[in-house]
Amino acid sequence: VNQKRVWEGVRTSRPETERLQFTHDTLGQRVLFGRGLARENLGAEVARLGSIRPMLIASPAESGLAERICADFSVATWFDEVVEHVPVEVAQRARAVASATEVDLLVSVGGGSTTGLAKAVAMTTGLPIVAVPTTYAGSEATNVWGLTEARRKTTGTDDSVLPVSVVYDAELTMSLPAELSIASGLNALAHCVDSLWAPHADPINKTFALEGARVLNRALRVIAENPHDPSGREDAQYAAYLAAVAFASAGSGLHHKICHALGGAFGLPHAPTHAVVLPHVLAFNAPAAAEPVSRLAAALEDDDAMAGLDNLLDAVDAPRSLRQLGLAKSSLEEAVEVVLPLIPPSNPRAVDREAVVSLIGDAWSGALPRATVR
Ligand code: NAD
């Protein structure tokens, strides 16, 4: 039945008003993908880039893992002060260490916070990054940086922060607890969904986004059922890359602007915040984005995108409310104020104060999203 619905939407010709017209930039990056190959691939990349004084950026929590995969080369210095949302003071300390020790390469081993710190150093030093991700955040495949100062998170794009190489090894994500894995995978799914209407959405990045969503929909269920099954991890990692490429190209849409504002202002955990906010943004935008949302439904193997997402969130026992993540009710007014100025003007549906109040209110309480696709 689902397949029939999908095919009914297919047309063979388009009206002239719907002609294909877009400008698409493809970011240049080398990706080495292989389970169990991180040590070998990382060593080869460090040698290929001619680095003799690499700086390792890895938090104490990832130290065992980092030591294992960096065993084939010597590290000039190891910076391990990794803090979520990259506080400016931490970035400055890392930059000072990089110049004092005259490093020639940044090797980041960790989740999005670690990659984010390496990007902050690359931004001012011009040093290349080899990223080894250990979550499904996807920062390694984007030219987006983020820094937090005085409770406000600023993000921007700069090609010099895009890692020159990424070493993907799903084995490195096996130790990520199931709950964090699911939240991180839903962060990747948010990259896919938001790419459908982000400022630079185009047919190429939508293709990456929809394929990412299709693979994540299956992989996250496998991880939830058995976090030790490497196939779920491998698929999630592959899809996280597709998602991040789509996001890097399409830009930040409504969903990302909301999550970044909330993360910066209230220190909410990044990935779970994405998981909570996503259905609310999908429900809000879906009526104004019928074509990509019907394709998202197909990717989620449902005839309704909202129902498909809801079903996935239930199946993986995703977090459902900002209240559950620690946002105080008394912060809701401020939350609306920090989000409002960031709303992308290109959002397919106009977003006024009332809409933000109701969207954030629902996300806070865990109420079902108000508008549905049906
Ligand atoms: P994170 O890097 O903060 O990691 C979350 C937790 O998981 C940490 O405690 C970490 O030590 C632990 N962890 C990481 N890998 C592990 C592993 N393999 N096994 C066990 N524990 C592990 O979280 P994240 O969600 O990966 O990244 C969030 C940050 O990344 C945010 O600051 C966000 O803004 C940024 N981000 C940026 C982009 C971008 O394009 N610039 C994209 C996505 C996320």
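The values are calculated or read from the model by the stated rules, or taken from the named source; none is laboratory data. Since the model is a prediction, treat every value here as computed from it, not as a measurement. Cβ sites come from the backbone with ideal geometry, for glycine too, and all protein chains shown count toward neighbours. Areas reflect the complete protein model, heavy atoms only, side chains present, ligands, DNA and RNA absent. Shrake-Rupley method; radii C 1.70, N 1.55, O 1.52, S 1.80 Å.
Accessible surface calculations at 1.4 Å, restricted to protein heavy atoms, place the stretch 171-266 at 30 Å² per residue. How high is the relative contact order of the chain, given as a whole-number percent (alpha carbon pairs under 8 Å, six or more residues apart)? Computed over the chain, the figure is 15 percent. Extension gain, ALA71 to ALA150, is 24.6 nm, computed as 0.36 nm per intervening residue step minus the present C-alpha separation. The slack in the chain from GLU179 to ASP159, taken as 0.36 nm per residue of separation less the alpha-carbon distance, amounts to 4.0 nm. Overall, the accessible surface of the stretch 197-257 at a probe of 1.4 angstrom is composed of carbon and sulfur to the extent of 53 percent. Round to the nearest 10 and give me the degree value, 0 to 90, for the angle of helix 254-266's Cα axis relative to the longest principal axis of the chain. Roughly 50 degrees between the two axes. Rounded to whole numbers, the Karplus 3J(HN,Hα) couplings from phi for the stretch 273-290 are 4, 4, 4, 6, 6, 3, x, 6, 6, 4, 4, 5, 7, 3, x, 9, 9, 4 Hz, using 6.51 cos²θ - 1.76 cosθ + 1.60 with θ = phi - 60°, and x at Gly and Pro.
Inter-label distance, GLU40 to ASP314: 4.4 nm, where each label sits 7 Å from its Cα along the C-beta direction.
Can you bin the stretch 199-309 into rounded, prolate or oblate? Criterion: square roots of the alpha carbon gyration tensor eigenvalues sorted a ≥ b ≥ c, rounded for a/c under 1.5, prolate for a/b above b/c, oblate for the rest. Because its axes are fairly even, with a/c under 1.5, the stretch 199-309 counts as rounded.
In this structure the stretch 32-78 gives 50 Å² per residue of accessible area when probed at 1.4 Å with all protein chains present.
The long axis of helix 305-315 is offset from the longest Cα principal axis of the chain by roughly 50 degrees.
Here the accessible area is traced with a 1.4 Å probe on the protein chains. For the stretch 26-84, carbon and sulfur cover 48 percent of it. Which angle between 0 and 90 degrees, to the nearest 10, do you get for helix 88-100 versus the longest principal axis of the chain when only C-alpha atoms count? Tilt of helix 88-100: around 30 degrees.
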